[in-house]
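Everything on this sheet refers to the single structure shown next.
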Amino acid sequence: MTRSNWRDPSQYIEEIFVEENCLEYEYTKEILAATKLPWSVVPERGNPNNLDDEFVHNLTRGKKQLFLCENRGHFYKPCPGTREYQCCDYQVLHTGSNCPIDCVYCILQAYLNAPWITSYVNIDKLFKELTDSFAANSDSFYRIGTGEFTDSLALDNITYLSEKLVPFFADKTRAVLELKTKSGVVDNLKSLKHNGRTVVAWSLNSPEIMQKQELRAATLQERLAAAKQCADWGYSLAFHFDPIIDYKGWEEGYLETIKALYRSVPAESIAWISLGALRYLPRLKDIGIQRFPGSKIYHNEFIIGLDGKSRYFRPQRVKMYKYIYNALQKMADPRTCIYFCMESDEIWKDVMGFTPDEKGGLGKMLDATVNFQV
């Protein structure tokens with residue numbers, strides 16, 4: 001399979017496992033009826049195999065396997081941010097874990113304990129949690145995303161989950177759904193009624209980082225072509241430059257991506273753009289070097305931040321942020337919210353000249369950006 005084929009990374013999946021008690025779910029039946037992949041049944045609360053015995057060693061093999069099972073916890077929960085840095089009040093919809101894309105820097109390598117990809121099929125519970133929460137907090141505004149523990153669209157040609165989520169949010173005036181991906185899988189979004197309540201988002205990086213550090217992800221051109229298509233269908237867009245990585249030539253690389261972005265999609269369709277420099281749990285370094293010995297991204301100088309994650313030293317973060325922020329500011333629509341993901345007030349002040357609290361808080365800044373487009 002050539003590199004250009006990874007526009008749809010679901011092609012990497014070779015087999016499906018189904019938890020026995022999930023066979024009667026209507027959603028399970030829909031997935032199995034639509035797929036041509038071989039599938040087998042796993043006992044209730046069982047595992048598909050023993051690949052989790054050596055999680056890191058078996059992670060590549062596990063990414064070829066999809067496990068349809070129950071979410072016995074909560075689908076809907078706050079983003080696991082930290083109070084030491086500015087958080088955007090994001091809410092997470094936990095639809096599954098892991099994805100077929102394999103990024104050198106992926107935090108899930110150090111966060112999960114099972115190598116296979118899980119998709120939860122008891123989605124009646126998912127929609128009930130959302131409905132109950134919206135009813136109990138009718139004055140609140142919700143920005144909800146499915147891309148915290150998995151890629152929102154990488155498996156959509158197998159699960160077709162977007163066809164259920166997008167229409168559900170279409171009539172929710174106090175909520176917006178964000179689907180975040182590194183794929184080019186958007187065909188299922190074409191005919192959906194969305195009423196401007198779904199934001200389709202892409203993680204972007206410099207071309208070199210995307211090519212060398214994001215395995216089985218769509219190319220820059222494929223991601224931007226998919227974004228343009230979504231804009232043509234009336235969706236709002238978002239982009240996440242995260243993680244921004246320090247390497248020789250990073251200035252030219254990120255500028256190339258920014259120029260390509262604004263050549264490809266209308267500036268007025270972009271609701272928000274986030275910036276976040278590389279940060280990781282310390283144990284991820286050993287895992288990343290073990291799995292990707294040719295990568296050099298962990299060979300820089302780092303300091304332990306207030307959240308316990310390794311980060312670039314503050315002067316380097318400020319230097320990179322200023323360069324990228326200024327390049328974006330020259331091309332962005334004035335209503336697009338450009339913000340930092342998990343950074344301190346000091347960084348905000350150094351780079352943007354203000355803190356979120358001076359503008360009512362980061363959550364309010366983002367809420368206003370979405371609402372002007374609806």
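Throughout, read-outs are computed from the coordinates displayed, never taken from laboratory work. These numbers come from a predicted model, not from an experiment. Note that each Cβ is placed from the backbone with ideal geometry, even for glycine, and that neighbours are counted across all protein chains shown.
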The size of the Cβ-based charge dipole (Lys, Arg +1; Asp, Glu -1) of the chain about the Cα centre, to the nearest 20 debye, is 840 debye
Mean separation of Cα contacts under 8 Å (at least 6 apart) over the residue count of the range 115-191, i.e. the relative contact order in percent, is 36 percent
Once N300 and R335 are pulled to full extension, the length gained, defined as 0.36 nm per residue separation minus their Cα-Cα distance, is 9.0 nm
Amide H contacts under 5 Å for F340, restricted to residues at least 5 apart in sequence or on another chain and with H modeled in the peptide plane, are L275
Diffing the range 150-167: the Karplus 3J(HN,Hα) column from phi (6.51, -1.76, 1.60, θ = phi - 60°), in whole Hz with x for Gly and Pro, holds 7, 7, 5, 10, 4, 10, 5, 7, 10, 8, 6, 5, 4, 5, 9, 6, 4, x
Amide H neighbours of W272 at under 5 Å, excluding residues fewer than 5 places away on the same chain, with H built from the backbone geometry, are F239, C337
A chain fully extended from E163 to W39 at 0.36 nm per residue, minus the present Cα-Cα distance, gains in nm 42.4 nm
Amide H contacts under 5 Å for A175, restricted to residues at least 5 apart in sequence or on another chain and with H modeled in the peptide plane, are Y142
Going residue by residue through the range 124-141, the Karplus relation 6.51 cos²θ - 1.76 cosθ + 1.60 with θ = phi - 60° gives ³J(HN,Hα) values, rounded to whole Hz and with x marking Gly or Pro, of 4, 5, 4, 5, 5, 4, 5, 4, 5, 5, 4, 5, 6, 10, 5, 8, 8, 10
Restricting to Cα pairs under 8 Å and 6 or more apart, the percent relative contact order of the chain works out to 17 percent
Quick shape check on the range 111-207: root eigenvalues a ≥ b ≥ c of the Cα gyration tensor, a/c under 1.5 is rounded, otherwise prolate if a/b tops b/c, else oblate, and it reads prolate
Quick calc: nm separation of the 7 Å Cα→Cβ label points for L32 and T131 -> 2.6 nm
Reduced to Cα centres, the span from the range 107-153 to the range 33-73 in Å works out to 19 Å
Pseudo-spin-label distance S264 to N5, built 7 Å along Cα→Cβ, given in nm, is 2.2 nm
Computed ³J(HN,Hα) along the range 275-286: with the Karplus parameters 6.51/-1.76/1.60, θ = phi - 60°, integer Hz and x for glycine or proline, the list is 10, x, 6, 3, 8, 7, 4, x, 5, 5, 4, 5
Candidate cut points under trypsin sites (Lys or Arg not before Pro) in the range 224-310, DSSP loop plus at most 11 other Cβ atoms within 10 Å of their own Cβ, are K248
